[in-house]
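Below is one structure, written out as structure tokens, with a few remarks after it.
The values are calculated or read from the model by the stated rules, or taken from the named source; none is laboratory data. Just so it is clear, the structure is predicted and the values come from calculations on it, not from any experiment. Cβ sites come from the backbone with ideal geometry, for glycine too, and all protein chains shown count toward neighbours.
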């Protein structure tokens, strides 16, 4: 009888701990979910401004649900002073070194304009950012030139840019 009482008491205690933990997680999610969404949107707006200039804004956003594209998640129509200036795409990909998320911008002539790094969780993130992404953004490196000390990350970025380019061409047909 003492063993049964011990098992019941242990089960009730663990159940109370699990229930209170779930309640704390739900409460913290309720408090932070909107702030996280607002920060993500602010980061997207910052990326669009970095690619197209301070007056650029997202005039429409669409989720991309196409099985042919594994990196492109969202498509943005970008305007500046009420004039269409281009299209941007949010891409997300990962490899054995971590996750990367970018905004890739194209002008109306389907030409690559620039990219903006949203998240970089790569093991060699600083090498990738300094030796590849920053140089692609400033125009001193071609997207296809991936030899930079973080080659796997650069190949992932290159593949994401190329897929966004293909998606952009398909969209503008």
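Let me confirm something: among 73, 66, which residue is touching a strand residue (DSSP E or B) at 6+ places or on another chain (Cβ under 8 Å) and either closer than 30 Å to residue 138 by Cβ or modelled with pLDDT of 90 or more (or both)?
Numbers: 66 fails: either closer than 30 Å to residue 138 by Cβ or modelled with pLDDT of 90 or more (or both).
Going through 73, 66 in turn, just one is touching a strand residue (DSSP E or B) at 6+ places or on another chain (Cβ under 8 Å) and either closer than 30 Å to residue 138 by Cβ or modelled with pLDDT of 90 or more (or both): 73.
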I'd like to check something: does the range 49-56 contain any residue that is touching a residue at least 24 places away in the same chain (Cβ under 8 Å), under 20 Å from the mean Cα position of the chain (by Cα) and part of a strand (DSSP E or B)? yes
With the condition kept exactly as written, say whether any residue in the range 28-43 is closer than 22 Å to residue 136 by Cα and part of a helix (DSSP H, G or I). yes
Within the group 84, 102, which residue is closer than 15 Å to residue 167 by Cβ and either part of a strand (DSSP E or B) or within 18 Å of the chain's Cα centre (by Cα) (or both)? 102
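Let's see how each residue does on (1) at negative phi; (2) within 14 Å of the chain's Cα centre (by Cα); (3) at pLDDT below 90; (4) not in a helix (DSSP H, G or I):
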position	(1), (2), (3), (4)
106	yes, no, no, yes
118	yes, yes, no, yes
122	yes, yes, no, yes
128	yes, no, no, no
136	yes, no, no, no
Taking residue 146 and the conditions (1) crowded, with 16+ Cβ neighbours inside 10 Å; (2) more than 17 Å from the chain's Cα centre (by Cα); (3) under 17 Å from residue 119 (Cβ atoms), which numbered condition does it fall short on, given that it satisfies the others? (3)
Of the conditions (1) assigned to a strand (DSSP E or B); (2) touching a residue at least 24 places away in the same chain (Cβ under 8 Å), residue 167 satisfies every one except a single condition; which number is it? (1)
